């Protein structure tokens, strides 16, 4: 590694390069199997420099989770214009979500799989991100209900459940789309929109599915 | 532990008691924090007997995952009568699923959280169960499409995506229902049915949600 150029690059830039390399390596190999040697080599820096900047494998992994969680939430928020109708917001948000997870498959693997498969404190980082997304979706459903003048009729508990269902469906579909050859982000978003909105849409219009008589 | 009764009980029965205690302990404390001492005490047996029967903490955890995965799939299959209409099958299946996860919260924690948060080979056990459930839901959607005479119109990829979305939604909702006070299994099933079936129902009737013009 002695020949690697380590000069004249601001620390912030080099740190991002290390995180890029770490996300790819953790996503590809898994947290346990990923080695600091491999990450340093991919980042084009020496291993001691990685330790100097990011302290430990645990801290490096935590930094990866934080950066990628922030980037994903940011991508979804940026994709949505809150002055548009609720179904349009959901469609835009889903497209942004699936585009981001498709473009950053290693980051999604880190967030959805790796961060949850190696205990605390990693899992807590992802839980915080997830709660933020659930809150965002909850708000979207509340606005949609208001638009449909169903505000007081859709109980808070039902809205919370619907938001959890929608987020769980999106997580599941993103993992599937990234392994199913040839499924585009737009297709995944359209599938979920068909599944979710047509269902939510009925609910907003007071056309719930009714259980059969026992 | 010397005073514990260990006689005159068939090995199979005692093993189930150990697994009962292990599922509760793993679900409550998490895999890492759970101790074999605690599991043995809760099962009312000596620790050496747990090791004699189940070999190691890893093997004990694997045995828990296998038993609970089998029980969950069995509960859903038993709840569904395949000669009924597809929406009734889904409703029955969801009620069976949420009833089982509500009645066995520690088992659900082991399957949904613990088994996925401690790497392989545990995660692979849950993946196998999940694939079985996805296949079951896929078949249900195919049958529903056939009933609605939409068989050739609903592409295989779309069906696979819908099944992934539905299973992800159910997983997410089960975890939420078990932590949200006072949400019954029937309420959780009804929320998901509203979300999923009204949406799937529209799809079957050729009323997909259509994207707005760009």
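The values are calculated or read from the model by the stated rules, or taken from the named source; none is laboratory data. All values derive from a computational prediction rather than experimental measurement. Glycine also receives a Cβ, built like all others from the backbone with ideal geometry; neighbour counts cover every protein chain displayed.
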Self-check item: Matching residues, segment B:108-118, being assigned to a helix (DSSP H, G or I) and facing chain A (nearest Cβ under 9 Å)
Solution: B:113
Exercise. Among residues belonging to segment B:18-43 that are modelled with pLDDT of 95 or more and loosely packed, with under 15 Cβ neighbours inside 10 Å, point out the one that is nearest to the chain's Cα centre (by Cα).
Key: B:35
Exercise. Would you confirm whether any residue within segment A:151-174 is within 18 Å of residue A:74 (Cβ to Cβ), surrounded by fewer than 23 Cβ atoms within 10 Å (Cβ to Cβ) and without any contact (Cβ under 8 Å) to a residue 24 or more places away in the chain?
Key: no
Self-check item: Number of positions in segment A:69-87 that are touching a helix residue (DSSP H, G or I) at 6+ places or on another chain (Cβ under 6 Å) and within 19 Å of residue A:131 (Cβ to Cβ)
Solution: 6
Exercise. Evaluate segment A:134-152: report whether one residue or more is at pLDDT 90 or above, closer than 22 Å to residue A:18 by Cα and under 15 Å from the mean Cα position of the chain (by Cα).
Key: no
Exercise. Report yes if some residue within segment A:192-205 is more than 8 Å from chain B (Cβ to nearest Cβ) and at pLDDT below 85; otherwise report no.
Key: yes
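To keep it simple, each residue is scored yes or no on (1) within 13 Å of chain A (Cβ to nearest Cβ); (2) closer than 18 Å to residue B:179 by Cα; (3) not in a helix (DSSP H, G or I).
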site: B:98; (1), (2), (3): yes, yes, no
site: B:106; (1), (2), (3): no, yes, no
site: B:120; (1), (2), (3): yes, no, yes
site: B:131; (1), (2), (3): yes, no, no
site: B:141; (1), (2), (3): yes, no, no
Exercise. Report, ordered by the first and then the second residue, all pairs with beta carbons closer than 6 Å, sequence separation of six or more or different chains, a first member in segment B:22-45 that is touching a residue at least 12 places away in the same chain (Cβ under 8 Å), and a second member that is assigned to a loop (DSSP other than H, G, I, E, B) and buried (at least 20 other Cβ atoms within 10 Å of the Cβ).
Key: B:25/B:34; B:26/B:34
Quiz prompt | Residue list for segment A:46-61, restricted to those being part of a loop (DSSP other than H, G, I, E, B) and surrounded by fewer than 15 Cβ atoms within 10 Å (Cβ to Cβ) | solution = A:55, A:56
Quiz item: If residue B:166 passes every condition in (1) more than 8 Å from every other protein chain (Cβ to nearest Cβ); (2) modelled with pLDDT of 90 or more; (3) under 29 Å from residue A:122 (Cα atoms) but one, which one does it miss?
Solution: (1)
Practice problem: Report whether or not residue B:189 is surrounded by 17 or more Cβ atoms within 10 Å (Cβ to Cβ), more than 7 Å from chain A (Cβ to nearest Cβ) and either free of Cβ contacts under 8 Å to residues at least 12 places away in the same chain or under 19 Å from residue B:80 (Cα atoms) (or both). | Solution: yes
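Being assigned to a helix (DSSP H, G or I), farther than 17 Å from residue A:167 by Cα and in contact with a helix residue (DSSP H, G or I) (Cβ under 6 Å, 6 or more places away or on another chain) narrows it down to one of B:171, B:125, so name that one.
None of the others qualify; the one that does is B:125.
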Quiz item: Of all residues in segment A:108-124, which are more than 12 Å from residue A:174 (Cα to Cα) and modelled with pLDDT of 90 or more?
Solution: A:110
